[in-house]
Amino acid sequence: MKKLIPFSKLLFLIIALVLNSCSSSPEMKLSEAVLFPKPVSLIETNSSFQLTDQTKILVSNDSKVLFKAGNYLASLLNPATGFNLKTEIGSEKEVTNNIHLKISNLDTKFGDEGYKLRIDEDKISLEANSVEGIIRGIQTIRQVLPNEIEASNKIEQSWYMATGEIQDYPDYKYRGAMLDVARHFFSVDDVKRYIDLLAAYKLNVLHLHLSDDQGWRIEIKSWPNLTAIGGSAEVGGGEGGFYTQEQYKDIVEYASDRYITIIPEIDMPGHTNAALASYPELNCDGKATQLYTGIKVGFSTLCTDKEITYKFIDDVIGELAAITPGEYIHIGGDESHVTEMEDYIYFINRAQKIVLAHNKKVIGWDEIAHADLEENTVVQFWAKKENALKGIAKNAKVIMSPATKVYLDMKYDSLTKIGLSWAATIELDSAYSWTPETFVEGITKKDILGIESPLWSETIETMDDIEYMTFPRIIGHSEIGWTPAENRNWEDYITRLKKHRERLEIMDINYYNSNLLLE
């Protein structure tokens, strides 16, 4: 006769089995997470953490900026999970099912943007020297989670993260993108969408090209015709548009919440036809030009020997500086072909002093190296290496934006339906396989502030166009700026990028599906 197990003992065993099955964590490898840009170091512990509707996002104190970072994390996690996670004050000693955000005193190598992410079975710890580092680490958290975390609607599934530790910090301080809103105008919502996409890959600068021959895109209250007339056109004859100062401040704040700095550009003395059409006194002959909707360059110039020109610049820079918290104003300076060199140098020297008088630092395209560069002026290399070297000889730092590698308006190949090809056609391997500190002989790492990827908009008309020409090339550029050269190689990168396509699709990014991704 078999001996029966007492009911109470049987119930205990059943409960124990259920609890044990609930508490067990699936084995997962952190090294299999597809991370962009590639982190400095990764150690895996081969287990998992489960994000649930009971998970708490905890901060150690009532710091407003840390709370805002926690709410930002929740805003990224809530749509797909449906969990409605919230940020609360709590101690890291609360070890059950929480994500703890903490400002620490990490080693100086981490800087402001570095972070340490520790994922255990029962908790996650994200620490950094500043909230900026927390924001960068949040991007890693979202990439460690399943691709479906990027969905805009609730997905019914479990949300596991592989356990281990990531220590990470950027190779270059400046990692940016430029959006030309002058040739074609893009709405505030489009710019915010672009900011969100840049933030996902730890970029920290958005340079807005706000004026050109075809359009003036920022309200200047002391010179209202700049937008009333100059803002009314664009390439191809469209209606153009402009940002009010309130809209611009909204963009700046939105970017700031993601620790992206907005750098506004007013291009001068060339690329100024929209301003010349708006105010005849800025022309040497005192006559307003016609609005321009083509794509030729180099035909316009402000009148460099009129004092009204410098009053105009002072007013424009003054109003822009007042609503731009970042440290830089970009003064353009490129392709001013009809400005005599002597006049060009005089103009750039005065323009720099005006920017400095408004407590901002100057960035200009590499042609400005012909002038007498002020302290802390930055030269943006795009075309002529001799200009960049001349800037370095004048103690300027350089932003690396070689047109043959990072100009996002360049076609991928001869069959690309939009874009240009005057500099090069830039496939994914060409966009990735270069190193800033070895690209030009004589430009070393100590000379380089960082890397920026410009998107000129002569042929770019919609947000889909922006995404198609930007992605996935800018993912590679983000890695060049963040990950040391010795940790990067093409084979590893393209393998990860192939796996990353599903996430791009869930993010609804209209990316270029290169043949290199299909091999």
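Out of Pro264, Pro325, report the one residue that is surrounded by fewer than 16 Cβ atoms within 10 Å (Cβ to Cβ), closer than 19 Å to Thr377 by Cα and either touching a Ser or Thr at 6+ places or on another chain (Cβ under 7 Å) or at pLDDT 95 or above (or both).
Going through Pro264, Pro325 in turn, the sole match is Pro325.
Taking the residues in region 104-132 that are within 15 Å of Pro170 (Cβ to Cβ) and among the hydroxyl-bearing types (Ser, Thr, Tyr) as candidates, determine which candidate is farthest from the chain's Cα centre (by Cα).
Thr108
Do you know which residues across region 368-412 are assigned to a helix (DSSP H, G or I) and either open to solvent by less than 10 Å² (accessible area, probe 1.4 Å) or of a type in the set (D, E, K, R) (or both)?
Ile368, Ala369, Lys385, Glu386, Asn387, Ala388, Lys390, Gly391, Ala403, Lys405, Val406 - these are the residues of region 368-412 that are assigned to a helix (DSSP H, G or I) and either open to solvent by less than 10 Å² (accessible area, probe 1.4 Å) or of a type in the set (D, E, K, R) (or both).
Checking Thr244 against (1) out of contact with any Lys or Arg (no Cβ under 8 Å at 6 or more places or on another chain); (2) touching a residue at least 60 places away in the same chain (Cβ under 8 Å); (3) over 30 Å from Glu113 (Cα atoms): exactly one of these is not met. Which one?
Going through (1) out of contact with any Lys or Arg (no Cβ under 8 Å at 6 or more places or on another chain); (2) touching a residue at least 60 places away in the same chain (Cβ under 8 Å); (3) over 30 Å from Glu113 (Cα atoms) one by one, Thr244 breaks only (2).
So, restricting to helices (runs of 4 or more DSSP H) that lie completely within region 447-519, which ones have at least 2 residues that are of a type in the set (Lys, Arg)?
The helices (runs of 4 or more DSSP H) meeting that bar are 490-506.
Among the strands (runs of 3 or more DSSP E) contained in region 32-129, which hold 1 or more residues that are on the phi > 0 side of the Ramachandran plot and touching a residue at least 24 places away in the same chain (Cβ under 8 Å)?
It comes to 41-51.
Out of region 211-239, which residues are surrounded by fewer than 24 Cβ atoms within 10 Å (Cβ to Cβ), assigned to a loop (DSSP other than H, G, I, E, B) and either of a type outside the set (Asp, Glu) or within 13 Å of the chain's Cα centre (by Cα) (or both)?
Once the filter is applied, which keeps residues that are surrounded by fewer than 24 Cβ atoms within 10 Å (Cβ to Cβ), assigned to a loop (DSSP other than H, G, I, E, B) and either of a type outside the set (Asp, Glu) or within 13 Å of the chain's Cα centre (by Cα) (or both), region 211-239 yields Lys221, Ser222, Trp223, Pro224, Ile229, Gly238.
If a residue must be open to solvent by less than 30 Å² (accessible area, probe 1.4 Å) and either in a helix (DSSP H, G or I) or under 15 Å from Ser211 (Cβ atoms) (or both), how many such residues does region 329-348 contain?
Result for region 329-348: 10.
Mind telling me which of the residues Ser125, Ser25, Ser47 ends up being buried (at least 16 other Cβ atoms within 10 Å of the Cβ), at pLDDT below 95, within 25 Å of Arg503 (Cα to Cα) and of a type outside the set (A, V, I, L, M, F, W, C)?
Ser25
The values are calculated or read from the model by the stated rules, or taken from the named source; none is laboratory data. None of the values given here were measured: they were computed from a predicted structure. Note: ideal-geometry Cβ built from the backbone for every residue, glycine included; neighbour counts use all protein chains shown. Keep in mind that these areas ignore ligands, DNA and RNA; they rest on the heavy atoms of the full protein, side chains included. Shrake-Rupley method; radii C 1.70, N 1.55, O 1.52, S 1.80 Å.
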